[in-house]
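What follows is a short report on a single structure.
The values are calculated or read from the model by the stated rules, or taken from the named source; none is laboratory data. Keep in mind the model is a prediction, meaning the values are calculated, not measured. Here the Cβ positions follow ideal geometry from the backbone for every residue, glycine too, while neighbour counts run over all protein chains shown. When the accessible area is computed, the model is the full protein with side chains, heavy atoms only, and any ligands, DNA or RNA have been set aside. Shrake-Rupley method; radii C 1.70, N 1.55, O 1.52, S 1.80 Å.
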Amino acid sequence: MARLNLDAQCISVAKEYADLKIGVDTAPFKVALDKKKAAGKSIKAAMTFPGGTHDLWIRYWLAAGGIDPDKDIETIVVPPPQMVANMKVGTMDCFCVGEPWNLQLIHQDIGYTAVNTGEIWNKHPEKSFGMRAAWVDKNPRAAQAITMAVMEAQQWADKAENKEELATIMGKRQWINCPVEDILDRTKGKFDYGTGKVVENSPHVMKYWSDHASYPFQSHDLWFPHRGYPLGQVRGGVRFKGADCQGQPRGYLARCRKSSRRRRRRYSGLEIARQGDLLRRQGVRSGKSGGVSEVPVHQAC
């Protein structure tokens, strides 16, 4: 298994809220939504898959400002390529998705970017590459070759000199099928939020290999169900390693026991000890081009 990337998903907001210039703080958004709801109008937040990362990010962001994702706003599922078109006709008030749809929204003057998800959790995990254990056991050499190919591609995609070619490839019809200008800036790390805010060389640019993006930390895997529980995505009594989360938590941002965070730190320590050996077995040599010269201390969530 490998992690494919970190950061650089975005939450975008419809143009009708342009005067608010909503960012990390969603409290002003709550006031606007309450007024709209009181007027009898429907309000909706879109994401790409129930329980997926975009669902978690937008719920977390909304909840931080006191917006209940289940009561104050209707959460709907919309495929990424349909996000912009749906916001254009007023189907939703905000959405969470990857690029190029957030920048395309700005180019079409339909909305703006409120926040890069890296501003919510710096260097957060995103997509993963995995294979069934039974298949790996049956095809160990093929599994290793595929994993190494993915890691090689990640290293290539992270190099600055390859960003234009990367954007050109992604824009092709058989892939994203959109203008390269909707991809290129944010691929290079330039984020025009559509509100007058422009960030050059953003630290929250999508990372494929840097900052140990490829390493599948167990603490990341634990974080998703652990965070999904108070956000309502994991139902019923759940036992995580080191923490019992029984009954309904108080509010969407309620945390489980502190022992869970301590346990996650211990997981991180074990992962650090294993990382060098795993990378060596996958063909990456410490200190060489594209490899690692030091092993990170993964920050607990």
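Scanning region 111-130 for residues that are outside any strand (DSSP E or B) and over 21 Å from GLY23 (Cα atoms) returns LYS127, GLY130. Scanning region 48-56 turns up at least one residue that is hydroxyl-bearing (Ser, Thr, Tyr), free of Cβ contacts under 8 Å to residues at least 60 places away in the same chain and closer than 25 Å to ASP221 by Cα. The set of residues from region 131-151 being assigned to a helix (DSSP H, G or I), free of Cβ contacts under 8 Å to residues at least 60 places away in the same chain and either open to solvent by 20 Å² or more (accessible area, probe 1.4 Å) or on the phi > 0 side of the Ramachandran plot (or both) comprises ALA133, ALA134, TRP135, VAL136, ASP137, LYS138, PRO140, ARG141, ALA142, ALA145, ILE146, ALA149.
Condition check ((1) of a type in the set (Val, Ile, Thr); (2) touching a Gly at 6+ places or on another chain (Cβ under 7 Å); (3) crowded, with 18+ Cβ neighbours inside 10 Å) across all residues:
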position	(1), (2), (3)
ALA157	no, no, yes
PRO179	no, yes, no
VAL198	yes, no, no
HIS212	no, no, yes
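A single entry from THR168, THR187 fulfils the requirement of being of a type in the set (Ser, Thr, Tyr), surrounded by fewer than 15 Cβ atoms within 10 Å (Cβ to Cβ), modelled with pLDDT of 95 or more and not in a strand (DSSP E or B): THR168. Taking first residues from region 86-112 that are under 16 Å from GLY196 (Cα atoms) and partners that are small (Gly, Ala, Ser) and not in a loop (DSSP other than H, G, I, E, B), the Cβ contacts under 7 Å between residues at least 6 apart in sequence or on separate chains come to ASN102/SER12; LEU105/SER12; LEU105/GLY111; GLY111/SER12; GLY111/ALA14; TYR112/SER12; TYR112/ALA18. Considering region 17-34, the residues that are in a helix (DSSP H, G or I) and in contact with an Asp or Glu (Cβ under 8 Å, 6 or more places away or on another chain) include one that is surrounded by the fewest Cβ atoms within 10 Å (Cβ to Cβ), namely ASP34.
Taking region 35-61 as the search range and keeping residues that are over 14 Å from ILE73 (Cβ atoms) and of a type in the set (A, V, I, L, M, F, W, C), which one is most open to solvent (accessible area, probe 1.4 Å)?
Only one residue fits best here, namely PHE49.
Taken over region 57-85, the criterion of being without any contact (Cβ under 8 Å) to a residue 12 or more places away in the chain and either assigned to a helix (DSSP H, G or I) or polar (S, T, N, Q) (or both) is satisfied by GLN82, ALA85.
Taking every residue in region 15-42 that is more than 20 Å from LEU105 (Cβ to Cβ) and pairing it with any residue that is of a type in the set (A, V, I, L, M, F, W, C), at least 6 positions away or on another chain, the pairs with Cβ-Cβ distances below 8 Å are ASP25/ALA64; LYS30/ILE67; LYS37/ILE43. Could you go through region 104-121 and let me know if any residue there is touching a Leu at 6+ places or on another chain (Cβ under 7 Å), at pLDDT 95 or above and open to solvent by less than 50 Å² (accessible area, probe 1.4 Å). There is at least one residue in region 104-121 that is touching a Leu at 6+ places or on another chain (Cβ under 7 Å), at pLDDT 95 or above and open to solvent by less than 50 Å² (accessible area, probe 1.4 Å).
In region 122-134, is there at least one residue being under 29 Å from LEU62 (Cβ atoms) and touching a Gly at 6+ places or on another chain (Cβ under 7 Å)? Within region 122-134, one or more residues are under 29 Å from LEU62 (Cβ atoms) and touching a Gly at 6+ places or on another chain (Cβ under 7 Å). The set of residues from region 123-166 being small (Gly, Ala, Ser) and over 21 Å from ASP7 (Cβ atoms) comprises ALA133, ALA134, ALA142, ALA143, ALA145, ALA149. Can you tell me which residue is nearest to the chain's Cα centre (by Cα) among those in region 49-88 that are modelled with pLDDT of 95 or more and among the polar types (S, T, N, Q)? In this case the residue turns out to be GLN82. Within region 1-16, being at pLDDT 95 or above and open to solvent by 60 Å² or more (accessible area, probe 1.4 Å) holds for LYS15, GLU16.
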